[in-house]
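Comments concern the structure below.
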Amino acid sequence: MNGPEDEVDSPDNSPTVSCRRCDREWNLSEELSTVGNQAFEQFALDHKRHTGHFPDGIETWRAACRHCPDGAERIEEGAARRWARTHARHTNHAVTLHHADGTESVIE
């Protein structure tokens, strides 16, 4: 059974995210409880949607269709690659994967 003393003894291992441009730091404990394992990625994507930039140290993979306006932006390469493969399979469109470090590949 968990009581108040258990909460005091358990360290807070929630990840934190910082942004020098916003001059702020956030604890992601609330996001972990509502979003789960995707908390970090979801917070980073939400931050960009609201501010126009990512928190410190975030570089994304961008999948851009070469034939239509569809695309996706993901923090993990695997997620962007899955989106690209799925889009290519369903539409028969080629998709270019771009990374902030200049890495680029085409999924057909």
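The values are calculated or read from the model by the stated rules, or taken from the named source; none is laboratory data. All figures in this text were calculated on a predicted structure; none of them were measured in a lab. Please note: Cβ atoms are built from the backbone with ideal geometry, for glycine as well, and neighbour counts cover all protein chains shown.
Could you list, in sequence order, all residues of segment 49-103 that are surrounded by 11 or more Cβ atoms within 10 Å (Cβ to Cβ) and of a type in the set (Asp, Glu)?
Asp56, Asp70, Glu73, Glu76, Glu77
Output the number of residues of segment 58-80 satisfying the condition of being among the basic types (Lys, Arg), under 19 Å from the mean Cα position of the chain (by Cα) and modelled with pLDDT of 95 or more.
0
Can Glu25 be described as surrounded by fewer than 17 Cβ atoms within 10 Å (Cβ to Cβ), acidic (Asp, Glu), at pLDDT 90 or above and not in a loop (DSSP other than H, G, I, E, B)?
Considered against the rule, which asks whether it is surrounded by fewer than 17 Cβ atoms within 10 Å (Cβ to Cβ), acidic (Asp, Glu), at pLDDT 90 or above and not in a loop (DSSP other than H, G, I, E, B), Glu25 comes out as yes.
Under 6 Å by Cβ, and 6 or more places apart or on different chains, what pairs join a residue from segment 27-39 that is closer than 16 Å to Pro55 by Cβ with one that is of a type in the set (Val, Ile, Thr)?
Hits for this filter: Asn27/Thr16.
Which pairs have Cβ atoms under 7 Å, sit 6 or more apart or on different chains, and link a residue in segment 70-84 that is closer than 18 Å to Arg49 by Cβ to one that is crowded, with 16+ Cβ neighbours inside 10 Å and β-branched (Val, Ile, Thr)?
Glu73/Thr60; Arg74/Thr60; Ile75/Ile58; Ile75/Thr60
Which one is surrounded by the most Cβ atoms within 10 Å (Cβ to Cβ), of the residues in segment 28-48 that are of a type in the set (A, V, I, L, M) and in contact with a helix residue (DSSP H, G or I) (Cβ under 9 Å, 6 or more places away or on another chain)?
Result: Ala39.
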